[in-house]
Structures are given as structure tokens and as C-alpha cells.
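See below for the structure under consideration.
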Amino acid sequence: MRILVVEDDQDLSRQLHQALKDTGYAVDVAADGEEGHFLGDTEPYDAVILDLGLPLIDGVSILQKWRADGKTFPVIILTARDQWSEKVAGFDAGADDYLTKPFHTEELLARLRALIRRASGHTTDMIELGDLTVDNRSARAFVSGAPIKLTSHEFRLLSYMASHQGRVISRTELVEHIYDQDFDRDSNTIEVFVGRLRRKIGTDRIETVRGLGYRLVDPEDSKA
Ligand code: CA
């Protein structure tokens, strides 16, 4: 999953970036409204954390523009204490949730998981596919209850595919959702990651659909 953080407070931005990376997300950060709006406009994020008080373009205006342009990604707005009118303006502009500063990073992460979960139609952080379990809370995966050792890219790949299980996902879509913008994005490396992931979770769990992409499946389903 790939997250955009738009926040002009450098300390907070750095802290969020690190916490999100540690939790297994690909993260892009913008320090002003113009860059933030541009990134959200051009990249397919799985969720956005948006401060409302920003240089160049304010958060509410950014959100209005995104929604007017049909961007549906979930957005959590960050507001100053006691600014209830800001929250109302944020929700009216299309926010899905809010947090009042200062907040605990754990709370932000929990709200983010809830939004991503809802957006992909899941009810818990644990996604199960046969005896494969993907735990988005701890960023870990298990086969028959035994933990599998995954790199952060492998986990992101698996987590994204598990959230969209049964659907064919193109390599381009995978590239867009597991790498941040600074990463050297070569779609051939997706093949390498898929190969490694197959060796770790079982070859028959990831189907290659020729010319279209990959699909995560429960191998037991096709035997029935
Ligand atoms: Ca601010």
C-alpha cells in the first residue's frame, strides 16, 4: 500500500514518514499544498494524510480539487485543536476521518488501517486465503500459522494482492502501489519479487495471467 503525507511541519512529517515505513507502507511526502495536490493528482495512493494548514494551497482546497476530479482515495485530515469549523469544512470537502494535533502515531496508524480496510471491502486487519494469513497490523504473513520471513517490498506486494484477492492485478498497478516515487521503478523487478514471494508462500498461490498480470488465489479452491 502506498500513502501520501502532506504536512509542512518537518518534524511531524519525518516522524510520520518513518512510522509508516516501519509499518510496511510505501510513503511519499509533500511539504506544501502545491506539491501535495500535484502528487495526489498524478499518483494512485491507497490513502492520504492531509494537514489542513499548508503553505501555497490550503488542505481544504486541495481536497475539494481532488474530489472534484474524481479522486476517491481515503483521506485523513490533520487539524489544530478546537478548530471544529475546520473539521466541518474538511468533511464537507470529502475527508473520511480526522485527527486533532497532537495525536499518537498509533492512533493515526489504526485509523489509516481502518480506512484502507473499508476501501478494499475487508472488515479486519487479518486477511485469510486458505491457510495463508496476511496481518496488516503487524505487517507479517503466515502459512498454516507459521510466520514467513518477508522483505518490506515482498510484504507490500503480498498485502496489496491479498487486499485485492481473486482480481488480476497488472504489473503497472503493482509498481504504482508498492514503490514510493523516489524508488527506481522498473516493472521487471515486480517479476523478481513475485518469484521470491512464490518461493516463500507456495508457487501455486500466485497465478500468472498472460499479458494481464497476477492473481493471488487459494490453491485449494481450484482443486474443489
Ligand atoms: Ca501545518
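The values are calculated or read from the model by the stated rules, or taken from the named source; none is laboratory data. Values in this document were obtained by computation on a predicted structure and should not be read as measured data. Quick reminder, even Gly has a Cβ in these numbers, built from the backbone with ideal geometry, and neighbours come from all protein chains shown. SASA here: full protein model, heavy atoms, side chains in, ligands and nucleic acids out. Shrake-Rupley method; radii C 1.70, N 1.55, O 1.52, S 1.80 Å.
Values as computed for the structure displayed
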item: From L52, L132, residue being assigned by TED's automatic domain parsing to the domain that holds L197, more than 27 Å from F183 (Cα to Cα) and not basic (K, R); result: L132
item: Residues of region 6-25 classified as open to solvent by less than 30 Å² (accessible area, probe 1.4 Å) and within 11 Å of the chain's Cα centre (by Cα), total; result: 4
item: Residues of region 174-186 satisfying the condition of being surrounded by 14 or more Cβ atoms within 10 Å (Cβ to Cβ) and without any contact (Cβ under 8 Å) to a residue 60 or more places away in the chain; result: L174, V175, R185
item: Top-ranked residue in region 195-224 [being open to solvent by 70 Å² or more (accessible area, probe 1.4 Å) and in contact (Cβ under 8 Å) with a residue 60 or more places away in the chain; ranked as farthest from G166 (Cα to Cα)]; result: E220
item: Subset of region 26-38 that is open to solvent by 10 Å² or more (accessible area, probe 1.4 Å) and touching a strand residue (DSSP E or B) at 6+ places or on another chain (Cβ under 9 Å) - its residue that is nearest to F91 (Cα to Cα); result: H37
item: Region 3-20, residues that are away from the ligand (no atom under 15 Å from the Cβ) and either of a type outside the set (G, A, S) or in a loop (DSSP other than H, G, I, E, B) (or both); result: I3, L4, H17, Q18, L20
item: Neighbours by Cβ (under 7 Å, 6+ apart or cross-chain): first from region 1-25, under 25 Å from L150 (Cβ atoms); second of a type in the set (S, T, N, Q) and within 16 Å of the ligand (Cβ to nearest atom); result: V5/S13
item: G53 being surrounded by 21 or more Cβ atoms within 10 Å (Cβ to Cβ), within 14 Å of the ligand (Cβ to nearest atom) and without any contact (Cβ under 8 Å) to a residue 60 or more places away in the chain; result: no
item: Residue count for region 166-224, restricted to those that are among the charged types (D, E, K, R) and over 23 Å from V143 (Cβ atoms); result: 9
item: Residues being at pLDDT 90 or above and under 18 Å from V209 (Cβ atoms) - total across region 177-187; result: 1
item: Any hit, region 139-146, residues being open to solvent by less than 60 Å² (accessible area, probe 1.4 Å) and under 18 Å from the mean Cα position of the chain (by Cα); result: yes
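Residue-wise test of (1) hydrophobic (A, V, I, L, M, F, W, C); (2) within 16 Å of the ligand (Cβ to nearest atom).
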| position | (1), (2) |
| --- | --- |
| I62 | yes, yes |
| D82 | no, yes |
| V88 | yes, no |
| D92 | no, no |
